[in-house]
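Worksheet: the structure to be examined is printed underneath.
The values are calculated or read from the model by the stated rules, or taken from the named source; none is laboratory data. Since the model is a prediction, treat every value here as computed from it, not as a measurement. Every residue, glycine as well, gets a Cβ built from its backbone with ideal geometry; the counts of neighbours run over all protein chains shown.
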Amino acid sequence: MKILAVQNRMGIGDMIIFLPFIEAISKKFGTPISILVKESTKAPEILKNNPSINKIIFLDRNDYTKQGRHFGFMGALNLASDIKKHNFDKVFIFNSSLRYRLIMKIAKIKNIYQYKLFDKKKQNVIKAAQNFLKKTISLDIESKPIISINPEDVKKASIKYNIDSKNINILLGIGGSGKTKRVSAEKYLEFIKFCVNSFKCNFFLATGKKIEEQEILKKILNSNFKNLCKTLDSLMISETLPIIKNCNLGVCNDTSFSHLSAALGVETIVLMTDSPLLYGNYNPKMHPIIPDGEKTVTHNTRGKDKINPEKIFNKAKEILDLS
């Protein structure tokens, strides 16, 4: 039996969020499955050790630039043609779009399972996936993504990057896709100071290449703590995974690294400033910190200036059992 799962969201975090649901389909039918995802999800790097996935097909569609082989009307026909070549028996579509249903019909897939059409408004990304699999194949799936990783890679990374297990190694996910999600370098530096004054530690700085992200990185590297920091921004995602796995703790903005860290089994403090809280607490390994004075967070909370470094440190001590 050949099965396809369609996950058309663009982020690394999105890929990780949907991972347990995709894996559940594979286990239900007793066979590895194929996935249709965007290249920006970095799926080949994240899933290279995952036995539930046997083929990754890229969805070449950019809704912002309105480009790609699979964009527009002709793009839909191209995608149907590309999918048809694989002779899938079933497809599970993790969205409510009529477009994808029609594409799979044109691709001659007999068994099509999909969210209720036109039901995207205010859709809870976790509950929608859970309800979908409950309704279609009678599965109750916990939201607890796990990234499979080779233990030998973890061991090699500890040697290559001189990761001392006697110290407390902390991942700092200082980047972020949007400026309202990026907590300032000053707040991270204050947190680092709390840590350094309390225990022996090292920090691994994870961020992207955007100018604003690099500015945060530079401020930390130009501080008195630069010798305790190692940067990950020049590495591929696949190269960062075994390094993160060596860490005792993650402290991250609401960014891809918070999802990666938690899915690798690392207790991860997520600094939630301007997006729905569920993105920072859907995994049991996640511990959200919200801005002072707020009871919750969502879009347009814009609370990055009210994130309290001492509150982060106290949560870190609690997690690390150092109180």
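Residue count for the range 282-307 satisfying the condition of being of a type in the set (S, T, N, Q), surrounded by fewer than 16 Cβ atoms within 10 Å (Cβ to Cβ) and within 13 Å of Leu271 (Cα to Cα): 2.
Looking only at the range 88-100, which residues are closer than 15 Å to Phe71 by Cα and assigned to a loop (DSSP other than H, G, I, E, B)? Once the filter is applied, which keeps residues that are closer than 15 Å to Phe71 by Cα and assigned to a loop (DSSP other than H, G, I, E, B), the range 88-100 yields only Ser97.
Residues that are at pLDDT 95 or above, farther than 30 Å from Gly303 by Cα and not hydrophobic (A, V, I, L, M, F, W, C) number at least 1 in the following helices (runs of 4 or more DSSP H) confined to the range 101-196: 125-137, 151-160. Applying the criterion of being more than 10 Å from the chain's Cα centre (by Cα), among the hydrophobic types (A, V, I, L, M, F, W, C) and farther than 16 Å from Lys55 by Cα to the residues of the range 1-23, the residue that is surrounded by the fewest Cβ atoms within 10 Å (Cβ to Cβ) is Met10. Within the range 53-67, the set of residues being within 17 Å of Val6 (Cα to Cα) and surrounded by fewer than 19 Cβ atoms within 10 Å (Cβ to Cβ) comprises Asn54, Lys55, Ile56, Ile57, Phe58, Asp60, Asn62, Asp63.
Among (1) over 27 Å from Leu47 (Cβ atoms); (2) within 14 Å of the chain's Cα centre (by Cα); (3) of a type in the set (Phe, Trp, Tyr), there is one condition Tyr282 misses while meeting the rest; what is its number? Only one criterion is unmet by Tyr282, namely (1). Got a number for residues in the range 195-233 being closer than 22 Å to Met15 by Cβ and not aliphatic (A, V, I, L, M)? Selection size over the range 195-233: 7.
Residues in the range 222-240 that are surrounded by 15 or more Cβ atoms within 10 Å (Cβ to Cβ) and hydrophobic (A, V, I, L, M, F, W, C) were compared, and the one that is nearest to the chain's Cα centre (by Cα) is Ile237. Of the residues in the range 266-286, at least one is in contact with a strand residue (DSSP E or B) (Cβ under 6 Å, 6 or more places away or on another chain) and among the acidic types (Asp, Glu). Has the range 83-95 got at least one residue that is among the aliphatic types (A, V, I, L, M), crowded, with 17+ Cβ neighbours inside 10 Å and within 21 Å of the chain's Cα centre (by Cα)? Checked the range 83-95: at least one residue is among the aliphatic types (A, V, I, L, M), crowded, with 17+ Cβ neighbours inside 10 Å and within 21 Å of the chain's Cα centre (by Cα).
Hey, among Val270, Val266, which residue is under 19 Å from Asp14 (Cα atoms), modelled with pLDDT of 95 or more and surrounded by fewer than 24 Cβ atoms within 10 Å (Cβ to Cβ)?
On inspection, the qualifying residue turns out to be Val266.
Taking every residue in the range 107-127 that is of a type in the set (Asp, Glu) and pairing it with any residue that is not in a helix (DSSP H, G or I), at least 6 positions away or on another chain, the pairs with Cβ-Cβ distances below 9 Å are Asp119/Ser96.
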